[in-house]
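Quick notes on the structure that follows.
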Amino acid sequence: MSMKYVLRLMVLTIKSTQPVQVLTKRILHKDGHTFVEAIISLGVMLILASLVPLLLSPIQKHPPSIQLEETSVFLSMLGKEVREGKSVEIRNNGLYITQTTGDVLSFTKYHSLIRKQVNGLGHEVWVQNIQEMLIEKQSDTSLKVTVIDTKGKELMRVFRRLK
């Protein structure tokens, strides 16, 4: 190899390593942040983080009322009792279901609630804050139950039985 070629190779090597040396000097530079700067930046981050829920609250959906949920559960459970019962009878706007065991379940409005009794005994509250409960027999195999709460919201279900 000629001396000229070796010198040229050394110049190119030195030029190509200069950016690496500059970057190394910056990394090894010992100028850091002070404790006070860290506390201030932490405070700013906490303030910004506390604002995030306020920005997200208009986006969130409000859950349905508990009364609506309670009435829906009541109607679902009543449907189960109607389907499992041996016979269904409506008297004085009350629902009387005779079970296969011979027990008679009654669902009646009592003050502002709907209660369940077994053979005329007990007081099991199934729904509260009820204004009215309407039960209509639509056919031999179906009946319609409408429940109106104290706020005027109305929920209705039709139950069909298999003979």
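The values are calculated or read from the model by the stated rules, or taken from the named source; none is laboratory data. Note that the structure is predicted; figures quoted are calculated from it, not measured. Cβ: placed from backbone, ideal geometry, glycine included. Neighbour counts: every protein chain shown. SASA here: full protein model, heavy atoms, side chains in, ligands and nucleic acids out. Shrake-Rupley method; radii C 1.70, N 1.55, O 1.52, S 1.80 Å.
Structure values in brief
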| item | result |
| --- | --- |
| Net length gained if the chain between THR146 and MET45 were fully extended (0.36 nm per residue, minus Cα distance) | 31.0 nm |
| FRET efficiency estimate (nearest 0.05) - Cβ-Cβ, THR100 to LEU155, R0 30 angstrom | 0.60 |
| By accessible area with a 1.4 Å probe, ligands and nucleic acids excluded, highest first: order of SER50, SER65 | SER50, SER65 |
| Theoretical FRET efficiency, 1/(1+(r/R0)^6), r = Cβ-Cβ of LEU68 and VAL125, R0 22 Å, to 0.05 | 0.80 |
| Around GLN131: net Lys/Arg minus Asp/Glu count, Cβ-Cβ under 11 Å | 0 |
| Using a Förster distance of 30 Å, the FRET efficiency for GLU81-GLN60 (Cβ separation, nearest 0.05) | 0.25 |
| THR141 accessible area, 1.4 Å probe, all protein chains in place, Å² to nearest 10 | 50 Å² |
